[in-house]
Amino acid sequence: MLEIGSPTSLFFRTNTTCNALLQELQKIWVDIGESDAEKDRMLMELEKECLEIYRRKVDEAANSKAQLHQSLVSIEAEVASIMAALGVLNIHSPIKEKGSSKSLKEKLAYVRPLLEDLRLQKDERVKQFVDVKAQIEKMSGEISGYNKAMIDSLTLDDDQDLTLRKLNEYQTHLRSLQKEKADRLNKVLDYVNEVHALCGVLGVDFCQTVSEVHPSLHRTNHEQSTNISDETLDGLQQMIEKLKTERRLRFQNLKDVVESLLELWNLMDTPQEDRMRFARVSCVVRSSESDVTEPNILSTETIEQVSAEVDRFNKLKSSRMKELVMKRRSELENLCRLAHIEPDTSTSLEKSTALIDSGLVDPSELLANIEAQINRIKEEAQSRKEIIDRIDRWLSACEEENWLEEYNQDENRYSAGRGGHVNLKHAERARVTVNKIPSMVDNLIKKTLLWEEQTQKSFLYDGVRLVSILEDYKLTRKQQEEEKKRYRDQKKMQDLSLNRRESIYGSKPSPRRSNSIRKVNGYSGNVSMPPTPRRNSAGGANSDVMMTPRSYSGHHGQNGYFKEVRKLSTAPLNFVAIPKEDSASTYTYSEPDSPLHN
């Protein structure tokens, strides 16, 4: 049996229908009475019309097939192009993979959804590219110096590379630009903050200053982004250098003015209440340029106010010049006294007063001369400081020696009374200090000679050469040491004589008898220690103690008394007041019977 819908079945049905219609047409022609020639002509026309209909249908079907094939080829080409642009690795046609057994419509029905999906992917990828490139172009414009408005759209060529690799390259470039923009923005903000700080210190309008570099640095319109171009950065750097230069000049100017104001305050004895008005700027003298951060402290108004105060004090200074000269001369004499330096007599109080009253000397010149002397004395006192400190330690040791002398003469020094233990410890420390006196003097002489060699002048202590004082001290101490030795030798002889008497008479003489014997020998008065410097008294014509720098300074101003009279004497020795055990330890300053000795 024939299948319904097959070409053979269709041909059979067509033939059957045509035969039936032809038979019916021939019957009609018989009834009409048509001739055979007319019948043949009509059959030929009928056959011709049928062929034309078939041919037209075949042509239509061929055209439809060609259109379908062309559409399929176009779609296939577009799919391949999109896949290549998107960087899809599998670029083989999915149509060919299905084989040729499928019809064109089936192939089209399969490939059209794939094309739509690829088109959507391409559109999404294009949007990504447009967005990234728009940001790149915007940031490049901001960095390069021209700020382009927001880009509405960015067209891409159909054959442009839309692969993920290319997109990643754009995104990497975008991230690098974003980092550069962030770094530049931070640098701009740092510069702007520094400009703000400098403007605050200088009292300059910040808004106007940064607007000179670029208006966006002080934005009133938040829609305008901060300019971060190289030109802006260079402009900010130049502005900072300009402000720093101005700060340096104003700082030095204010510092000079404040130093002058402080000097005038000190000269005029300005009360603290008046100084408080300028307490804010007085710290500039002790500060460095970078430490000055207080707002408006270097403004022109502040400098003008301080300058006006200096001018006001200068006018007051001219009216009180004589008082200032007297004050500075007193300060000079006080410095000389502390440094043990002879002051210049040409500017003494009496002479200065006479010169000012006579009008022969300008008080300002006289004051400047005294100021120069003060500076010179300060410098010289600084160079003499080490030697002066050594002199003070030597004199302190001498005072300890005097105390020890008095302590050793006290017969009750070992008693258990109040403070006895403290005095014993003090005596031990004093003995250690006193034993160092000779080395102190030798080292002080060496230091003084070295100072004189370096400065090419003598070291004068209250007008007397220090080396001479020390040499006199050493000489006198040596003489007293020799006298001590003679005393010890004589004491040994006395002990031997006492021992002989004891062996002859069999008993010791009473203490009263011993004292009387010693007095007969001609020794009386209190014992003196080894050379211990003391200050000479004003009326000491018969003084028997040794001179020190302090004792020399005690006669300061007595017409060169110690330049003419340099003889130093020592006190006589008294053997009566010294016990046997103490007499042997007087020079070495160690007591065998002392509780601290053991």
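In this calculation the C-beta distance from ASP234 to VAL130 is compared with R0 = 30 Å, giving a FRET efficiency of 0.35. When only alpha carbons are used to place a centre, segment 224-250 and segment 457-473 end up 64 Å from one another.
Shape class of segment 348-403 from the Cα gyration tensor (axes a ≥ b ≥ c, square roots of the eigenvalues): oblate, since a/c reaches 1.5 or more and a/b does not exceed b/c. The calculated FRET efficiency for GLN490 paired with SER348, based on their beta-carbon distance and R0 = 51 Å, is about 0.40. The residues of segment 353-439 expose on average 57 square angstrom of accessible surface per residue, using a 1.4 Å probe on protein heavy atoms. log10 I(q)/I(0), Debye, Cα-only segment 166-245, no solvent, q = 0.26, 0.27 Å⁻¹? Reported log10 I(q)/I(0), two decimals: -1.23, -1.29.
Peptides 457-469, 260-272 ranked from most to least packed give 457-469, 260-272, packing being the mean of other C-beta atoms within 10 angstrom over each peptide's residues. Panel note: the C-alpha atoms of segment 223-316, placed on their principal axes, show extents of 58, 24, 22 Å (largest first). Maximal additional length on extending the LEU262-ASN499 stretch stands at 77.3 nm, based on 0.36 nm per residue less the C-alpha distance.
The base-10 log of I(q)/I(0) for segment 369-467, evaluated at q = 0.13, 0.15 Å⁻¹, reads -0.62, -0.72 [Debye formula, identical scatterers on Cα atoms, solvent excluded]. Modelled spin labels at LYS457 and CYS207, positioned 7 Å past Cα toward Cβ, are 6.4 nm from each other.
For THR172 and ASP269 in the same chain, what is the full-extension length gain: residue separation times 0.36 nm, less their Cα-Cα distance, in nm?
Working: separation 97, 0.36 × 97 = 34.92 nm, distance 7.27 nm.
Answer, rounded to one decimal: 27.6 nm.
Modelled label positions at ASP161 and GLN382, each set 7 Å beyond Cα in the direction of Cβ, lie 7.4 nm from each other. Taking 7 Å steps out from each Cα toward its Cβ at ILE32 and ASN412 produces label points 18.6 nm apart. Rounded, prolate or oblate: pick one for segment 241-280, where a ≥ b ≥ c are the square roots of the eigenvalues of its C-alpha gyration tensor, a/c under 1.5 means rounded, and failing that, prolate if a/b is larger than b/c, else oblate. Verdict is oblate for segment 241-280.
Each peptide in 391-398, 445-452 gets a packing score, the mean of other Cβ atoms within 10 Å over its residues, and the list from highest to lowest is 391-398, 445-452. Between ALA308 and GLU47, residue separation times 0.36 nm minus the direct Cα-Cα distance comes to 80.9 nm.
The values are calculated or read from the model by the stated rules, or taken from the named source; none is laboratory data. Predicted model only: the values in this text are computed from it and were never measured. No Cβ is skipped: glycine too gets one built from the backbone with ideal geometry, and neighbour counts run over all protein chains shown. Side chains are part of the model used for accessible areas, which takes the heavy atoms of the whole protein and leaves out ligands, DNA and RNA. Shrake-Rupley method; radii C 1.70, N 1.55, O 1.52, S 1.80 Å.
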